[in-house]
Amino acid sequence: MTTAIQPLIDQRPHLKEPLELYARWQLFQQQAAELLPKMRSSVATEDSRAYPRDVAETIFARFLATFTLPAGEFAPLSQALALGAVDFLRLPLGETPEFAELACSEEDLARVLFLFSRPYLLDLRQSFPLDGSTWENGRCPLCSAKASLAAVVEGPKRHLHCSYCGTAGQYRFIGCPNCENSDSSLLTTILSDDEPGFRVVTCDGCKTYVKVMEHSVLREMSVDLADLASLPLDIVTQGKGYARVAPNPIGYTKL
């Protein structure tokens with residue numbers, strides 16, 4: 001477990017389980033990184049939209065072991081990955097491939113693929129850095145994902161953060177990035193004394209929300225950890241009928 005996570009668990013013991021799950025993902029990311037340098041050249045080509053076929057099964061085997069998932073149940077997915085049949089750049093668009101042989105639900109499969117593909121997408125960001133670019137139509141300029149996270153920076157300006165590849169960029173300060181509504185009467189801010197430095201902006205135009213972090217929060221923790229630290233705000237907001245459009249760092253949109 002990284003040194004950043006344990007203090008957060010000590011401060012927020014009610015978040016022990018999701019934070020420990022995230023620690024597992026960090027371990028997997030480190031394991032995947034051992035193979036990622038081998039794919040640097042192929043990542044930069046247009047036809048490479050997943051892990052190289054010769055290492056895809058090995059990376060997936062490490063993923064299953066890290067999360068203690070039964071390899072036999074995911075054999076069809078492992079085979080598809082080895083054949084290059086899964087396009088990681090379709091995942092941020094909400095397109096999950098279908099596998100009739102898998103027993104898990106579409107929601108669980110989407111979560112597995114998010115956690116598994118994220119080291120690839122984070123590596124893609126290193127090859128094609130677009131941080132600071134404007135999010136046209138409220139979508140990530142690199143992978144086209146919608147945003148569930150924003151940070152207020154000096155200006156004041158609002159930067160949206162991609163849950164998939166980690167790219168951050170500018171979007172107008174007022175308005176919903178999910179439906180591009182700019183009618184402030186449809187936007188509501190939710191605050192909690194228990195979550196200083198965080199707030200949620202909901203949109204009644206599309207019934208979604210974006211969680212907002214003050215820039216000071218990101219001086220103390222990463223975007224991923226800030227997202228998990230403020231998980232109670234997600235629960236409250238979803239209880240009011242609003243949806244999160246992109247997964248949190250452990251793959252959940254619904255809580």
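The values are calculated or read from the model by the stated rules, or taken from the named source; none is laboratory data. Quick caveat: nothing in here was measured; it's all calculated off a predicted structure. Methodologically, a virtual Cβ is constructed for each residue, glycine included, from the backbone with ideal geometry; neighbour enumeration extends over all protein chains shown.
Some observations on this one:
- Inspection of segment 240-253 finds no residue satisfying the criterion of being more than 26 Å from residue 115 (Cα to Cα), assigned to a loop (DSSP other than H, G, I, E, B), outside the structural domain of residue 110 (by TED's automatic domain parsing) and in contact with an Asp or Glu (Cβ under 8 Å, 6 or more places away or on another chain).
- Of all residues in segment 235-244 being out of contact with any Lys or Arg (no Cβ under 6 Å at 6 or more places or on another chain) and buried (at least 20 other Cβ atoms within 10 Å of the Cβ), the one that is farthest from residue 197 (Cα to Cα): 244
- Selection status of residue 148, under 20 Å from the mean Cα position of the chain (by Cα) and of a type outside the set (Phe, Trp, Tyr): yes
- Residue count for segment 96-106 under the criterion of being in a loop (DSSP other than H, G, I, E, B), surrounded by 11 or more Cβ atoms within 10 Å (Cβ to Cβ) and within 21 Å of the chain's Cα centre (by Cα): the result is 3.
- Of everything in segment 232-250 that is in contact with a Phe, Trp or Tyr (Cβ under 9 Å, 6 or more places away or on another chain) and aliphatic (A, V, I, L, M), the residue that is farthest from residue 24 (Cα to Cα) is 243.
- Here is the figure for segment 162-183: residues that are closer than 14 Å to residue 134 by Cα, of a type in the set (A, V, I, L, M, F, W, C) and surrounded by 14 or more Cβ atoms within 10 Å (Cβ to Cβ) total 2.
- Among residues of segment 76-95, those that are surrounded by fewer than 21 Cβ atoms within 10 Å (Cβ to Cβ) and within 19 Å of residue 253 (Cα to Cα), counted: 5
- Residue in segment 211-226 that is free of Cβ contacts under 8 Å to residues at least 60 places away in the same chain, basic (Lys, Arg), part of a loop (DSSP other than H, G, I, E, B) and not assigned by TED's automatic domain parsing to the domain that holds residue 114 present: no
- Selection of first residues in segment 20-45 that are assigned by TED's automatic domain parsing to the domain that holds residue 142 and aliphatic (A, V, I, L, M) and of second residues that are surrounded by fewer than 17 Cβ atoms within 10 Å (Cβ to Cβ) and modelled with pLDDT under 85, restricted to Cβ pairs under 7 Å at least 6 apart or on distinct chains, gives an empty result.
- Figure legend. Inter-residue proximity from segment 144-156: first residues outside the structural domain of residue 93 (by TED's automatic domain parsing), second residues of a type in the set (Ser, Thr, Tyr) and buried (at least 20 other Cβ atoms within 10 Å of the Cβ), beta-carbon distance below 7 Å, spacing 6+ or different chains. Indicated pairs: 145/163; 145/164; 148/163; 149/163.
- When 110, 145, 150 are screened for being of a type in the set (A, V, I, L, M) and over 25 Å from residue 171 (Cα atoms), only 110 passes.
- Residue in segment 124-136 that is in contact with a helix residue (DSSP H, G or I) (Cβ under 8 Å, 6 or more places away or on another chain), within 20 Å of residue 253 (Cα to Cα) and surrounded by 13 or more Cβ atoms within 10 Å (Cβ to Cβ) present: no
- Close Cβ contacts (under 9 Å, 6 or more residues apart or on different chains) running from residues in segment 59-71 that are closer than 12 Å to residue 35 by Cβ to residues that are among the polar types (S, T, N, Q) and in a helix (DSSP H, G or I) comprise 59/31; 60/78; 61/78; 62/31; 63/31.
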